[in-house]
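Here's the structure we're looking at; comments come further down.
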Amino acid sequence: MSAMQGAFDPSELQGNILRGYRRAAVRYAVFEVVKPVAARRWLGRSASGGDAEVPAVTPERSWSVRPDYCFNVGLTFAGLRALGLGAAMLAQFPGEFAAGMVRRAVKLGDVGTSAPECWPAPFDQPARVHLVAAIYADDGAHLDAVQRLLEQGDAAQGLRLMGIRNGGNFDGDFVHFGYRDNISQPRFAEIAEHADLGEPIAPLGMALLGHSTGLEGVSWRVPQPSVLGHNGCFNAFRILAQDVAGFEGYLDQTAEQLLADPRGAVLLPPGDEGRIGAGLTRRAALREVVAAALCGRWRNGVPLALSPETPNPEPAVSLTAFDYTDDRRCPVGAHIRRSNPRGAKIVQRVASHTRRLIRRGMPYGPRFDPDRPDHVERGLLGNFIGASLGAQFEAVMYDWVNLGLQDPRITGSNDPILGVNDPATSWFDLPLRDGKPIRLAGLPRFVTTRGGAYLFLPSLPALKFLASLSPV
Amino acid sequence: MSIRSASAALRLVRLRGAEAMSGSVGWLERVVDRLPDSPVFQFLARHVLVPFWAWRTPVAVAEGGPVMTIAPGDNVQRMMNLVMKLKDPSPIGRAKAALAIAQNVDEIYAGLNNVGTVHFARFVLVGDHLCMFSVYDGDFTNYIRDFIATIGSVFDAVVALIDGGDAVIPTEQNVEAFIDWVHARDLYQVPDLATDLLNQQRDGSATETDIRRLPRALILQLQANPNVSLGSGYRAYPGFSAAQLRHRLEVGW
Amino acid sequence: MGEATIAQRLVEAVRSDFPDHQPGTRPVHTVGIGVSGTFMASEVAGQFCIAAPFRAAQMPVLVRFSNGSGSPVEHDGWSDVRGMATRFLPGDGAAMDMLAMTLPEFFTPNVDAFLQFTKAAMPQSVERESPWRKLIDMLRLELPLPDPEPGETMNGSAGMMAYANRHGFAGEAVFRAGMIGAPVSYARATYHAVHCFIVTGADGVRRPVRFSWQPVSGVRTTDPTAPAIDRYLHEELRARLAQGSAQFMLMMSVGEGGDALNDPTRPWPAKRTRVAMGMLSLAQVVADQLADCERVGFNPCRLLPGIAVSDDPILRARRDAYEYSQRERGATPCPFAGG
Ligand code: HEM
Ligand code: HEM
């Protein structure tokens, strides 16, 4: 157990954890530590405010003037070792982080085309993925400028650039598949500016090591010395390709099915198409009804739990202050309800509200044009952050997103958007206001993993501690 | 089941017995055919052959618990077979264990109801060991973690009686270590398919599986791992979670 | 190459493994016995499969039990795979066949591999492994080669074993076939239809499934160390049915994402949802074995609306192979060929 720390000082954290920067572009640069001494020197300069040659790690703070760029780093277990962290300290990190994302593949559903054996470079050599640096800015020029810094001086000596991944917003908060994202996030009492969104406040220990977790009495191990682990957290960095053509095709196919099924009229009474969108054909309206059911939000972000009938409710509804008390409004299997059942009754009652994830993501790849469908790779550069990978990210992926253990009505099925679906066996139930749900089948896998790593996001003092390790 | 096949194999299945072929079979054959059952061979096997092959072709201790797959049926009704050595194996020590459990029935039952994913769970004393056998749905670490959150104190009382248990109590503050500790005591489950046992032991370089090696593979695994679960076990109603059964039986979940 | 050619090659390939094959008989599963009885679908069967056999309350069935071998000589006591071919007759001239065997998996995942496998399994002359060789096997803690059956001079065991060691997919079937033994009765073995089929439920949901017949009287094999008896299975069955009926439960496992849906070499774990689809009660041995059994041609792809073949390439190839074989041996064309 770590000794109780002094008052919580958010400025000791890296800035990409408790809130998003909301920049237009991101670049992830993946490095191997080749010369630990130089790498540590570089890290120390970066964590201590940077200089002309070294970009500064951006700390948590509220901006008066937005900086030109933000810069943050995460380390894999192999990376911590490569930097020279000793075995006794390494042994205090949790097993799933030590194993690394690749060895957790089956648990995460990274099988078949998502299997690590299919990941392109640099993720095909997971043992050499040591440090992932994230550069955030509003344009490519700034990203390039920071990347140039990473290719000179101590960085060039100590680190080998293994690969980069670029992401960029193309339509505010919208992501491929056409949904608005980045709406729900855990909020913490300790961050003053977090607006009251009508959701339960999360305990800080959900995000950071060394604070009380959502599970009563339970605390996670803080790797010692305290400066190393305290206020650190873990990030599942995932490169998730999205098959937009497949997704839109599935909506077409399902709309056809519902046009033919008499219960389609219960789902959307003929004549009501206008409440889905002005001027929509019945087929187009049904597509939107299905898209909303799969996610739990209309594509514009309006939650089904508050507005099951229309994406444009009058008066407008909150995008965040809702629960699943009226069971029939939002499908139990919908993506947002699966990955955060909120106050809904779940099988694992003890775990209610304990598996929340901080999500930071940005799309990559060109925007899909339905008039000119293509199969260019596009998707999401996602970060799923929490104090425990095992109790949060993995628990959500394994028990809830896939398997559906939280509610007996979806057990045995996978998340319709994200799950390891095989069209031969997949299913998804569309609830009807009355009668049995309509069971949709034949969902293919829409999201394929293309790389990733489990990262430790150290606090700034921890980065300085790592920089100060004695030479190896 | 591979176990059955392998043990049958050890006894030379298609050996028709010397009587069956007395005309065509010489004495040496008869002796050899009967050899596996002879005390001399058994002595030799135990004291020479097994140690020799264990040294020559070492087999890593296999990980405990069910294998990981993505099929829902493999992820519900999973079996945990915990075998934990008592610090004090005397009748007094064993009575202490019995009491620790008897005194905490309310805690355990309420805890299991709230964890929500457990079908069956029971404690058994076998010789010097306290065993906990359970059938649960979903991930092992979630099961243990949620359980610690609700009945950590009972775990503490029980684990305090176990060899090596002091290192992981109080469990609420040693969640990761406790989960690893439990996992290390959860029995290896021998695969249901013979070839899967061979594949588990094949080092990455080998491309061939020699099915005739099965007996050795099994023997060496058992040498490395004295307690194992034989296969993944029978289920009367496979494929359903505890909550699904309660839901469909209309007793609420 | 047309489909007929593949069918022909398949049939010739299985035939080539049995040099004493007699024209006019089945190239494999040659020795068998026909039995009639009834099938009664369970109360839930129709929910999972709307095909007629699972909706009707009760219907007549014809079953042919067989020894796997293509040799015309009956060796009931030899360790061998057994077959159970069932024809459901739900009425209105409809018919559906289900072919099952005592091995839960097949040797190869596709036709090309099967053609190679039959070459490898070509009988070679066999002798008991020498005692010295056996001793070495024992010292190596390895399985000795199975002894040939008394009087058996040729078999494919060594070839199959060698093939399995080169092709991992064949390992499970070869291994299990080597241990399979002989049933004390045709009514005391479990028979598996092996391949995945796609059933359509009353709610329109299509599910990948596999079927097995489980004997109500339990599974039992003969003592492998006792002398093998050549002929007893037919008499045993007659005697058993004279006393009463023999029953089998039809069990259906539902496949899941991640399962080998189209690969017959991988059995599914016993952890799949298992549906009791109905009960088969065998009543009597059919009187005219020649006309009503030996001349009959079963086909694993003779199905009824509500159940369809999966994409398992072996299953798909069997349709034409069985038809070809039946034309060759002059079997009666299926009187219910509409199905
Ligand atoms: C390419 C893959 C993904 C897509 C397209 C996607 C899409 C979305 C969308 C549109 C939302 C609604 C916006 C919001 O509530 O903020 C959402 C919410 C969410 N997603 Fe995803 N997601 C993806 C991957 C994941 C992954 C890998 C996880 C982690 C297990 C995840 C967990 C969540 C959570 C926890 C929420 C918030 C639910 C809530 O608090 O109500 N998502 N996702
Ligand atoms: C490529 C694979 C296979 C080939 C080429 C093949 C070929 C044949 C042929 C040619 C016959 C004789 C048909 C006739 O003349 O009526 C036959 C019979 C039979 N086969 Fe197969 N077979 C294959 C796989 C299987 C499998 C996987 C099973 C078990 C599920 C099976 C079970 C049977 C049974 C039970 C019979 C006897 C049918 C009867 O009693 O009339 N076969 N097979």
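Overview of results
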| item | result |
| --- | --- |
| Hits in the range C:75-97 (condition: open to solvent by 10 Å² or more (accessible area, probe 1.4 Å) and in contact with a helix residue (DSSP H, G or I) (Cβ under 7 Å, 6 or more places away or on another chain)) | C:VAL81, C:PRO90, C:ALA94 |
| Any hit, the range A:98-109, residues being more than 17 Å from A:ARG450 (Cβ to Cβ), open to solvent by 40 Å² or more (accessible area, probe 1.4 Å) and in a loop (DSSP other than H, G, I, E, B) | no |
| Residue check for C:PRO90: away from chain B (no Cβ under 14 Å), in a strand (DSSP E or B) and away from ligand 2 (no atom under 16 Å from the Cβ) | yes |
| Residue in the range C:218-228 that is within 14 Å of chain B (Cβ to nearest Cβ), farther than 24 Å from C:HIS29 by Cα and open to solvent by 40 Å² or more (accessible area, probe 1.4 Å) present | yes |
| All positions within the range C:158-173 that are buried (at least 24 other Cβ atoms within 10 Å of the Cβ) and either at positive phi or within 14 Å of ligand 2 (Cβ to nearest atom) (or both) | C:ALA170, C:GLU172, C:ALA173 |
| So A:LEU209, is it at pLDDT 95 or above, closer than 20 Å to A:GLN392 by Cβ and touching a His at 6+ places or on another chain (Cβ under 9 Å) | yes |
| Unique match (being away from ligand 2 (no atom under 16 Å from the Cβ), open to solvent by 10 Å² or more (accessible area, probe 1.4 Å) and closer than 20 Å to A:LEU258 by Cβ) among A:ARG433, A:ARG409, A:ARG445 | A:ARG433 |
| Helices (runs of 4 or more DSSP H) within the range A:207-292 that include 1 or more residues open to solvent by less than 30 Å² (accessible area, probe 1.4 Å) and within 16 Å of ligand 1 (Cβ to nearest atom) | A:244-260 |
| Residue identified as crowded, with 19+ Cβ neighbours inside 10 Å and either within 10 Å of ligand 1 (Cβ to nearest atom) or assigned to a loop (DSSP other than H, G, I, E, B) (or both) among A:ALA344, A:ALA321, A:ALA305, A:ALA316 | A:ALA305 |
| Filtered residue count, the range B:113-136, keeping only those that are crowded, with 17+ Cβ neighbours inside 10 Å and under 22 Å from the mean Cα position of the chain (by Cα) | 12 |
| So B:GLN77, is it among the polar types (S, T, N, Q), within 26 Å of the chain's Cα centre (by Cα), modelled with pLDDT under 85 and farther than 21 Å from B:ILE148 by Cβ | no |
| Scope the range A:421-462; condition of a type in the set (A, V, I, L, M), assigned to a loop (DSSP other than H, G, I, E, B) and within 14 Å of A:PHE247 (Cα to Cα); matching residues | A:LEU443 |
| Residue identified as within 13 Å of chain C (Cβ to nearest Cβ) and free of Cβ contacts under 8 Å to residues at least 40 places away in the same chain among A:GLY412, A:GLY435, A:GLY404, A:GLY419 | A:GLY412 |
| Residue satisfying all of: in the range A:58-85; modelled with pLDDT of 95 or more and assigned to a loop (DSSP other than H, G, I, E, B); surrounded by the fewest Cβ atoms within 10 Å (Cβ to Cβ) among these | A:GLY84 |
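Table: residues versus (1) without any contact (Cβ under 8 Å) to a residue 60 or more places away in the chain; (2) more than 17 Å from A:PHE170 (Cα to Cα).
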| position | (1), (2) |
| --- | --- |
| A:SER352 | yes, yes |
| A:TYR364 | no, no |
| A:ASP369 | yes, no |
| A:VAL376 | yes, no |
| A:LEU389 | no, yes |
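Condition check ((1) modelled with pLDDT under 95; (2) part of a helix (DSSP H, G or I); (3) within 16 Å of ligand 2 (Cβ to nearest atom); (4) more than 30 Å from A:PRO437 (Cα to Cα)) across all residues:
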| residue | (1), (2), (3), (4) |
| --- | --- |
| C:HIS195 | no, no, yes, yes |
| C:ILE198 | no, no, no, no |
| C:GLY204 | yes, no, no, no |
| C:PHE211 | no, no, yes, no |
| C:GLN214 | no, no, yes, yes |
| C:GLY218 | no, no, no, yes |
| C:THR225 | yes, no, no, yes |
| C:ILE229 | yes, no, no, yes |
| C:HIS234 | no, yes, yes, yes |
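The values are calculated or read from the model by the stated rules, or taken from the named source; none is laboratory data. Keep in mind the model is a prediction, meaning the values are calculated, not measured. With ideal geometry, Cβ positions are generated from the backbone for all residues, glycine too; neighbour counts draw on all protein chains shown. Ligands, DNA and RNA are excluded from the accessible area calculation, which covers all protein heavy atoms including side chains. Shrake-Rupley method; radii C 1.70, N 1.55, O 1.52, S 1.80 Å.
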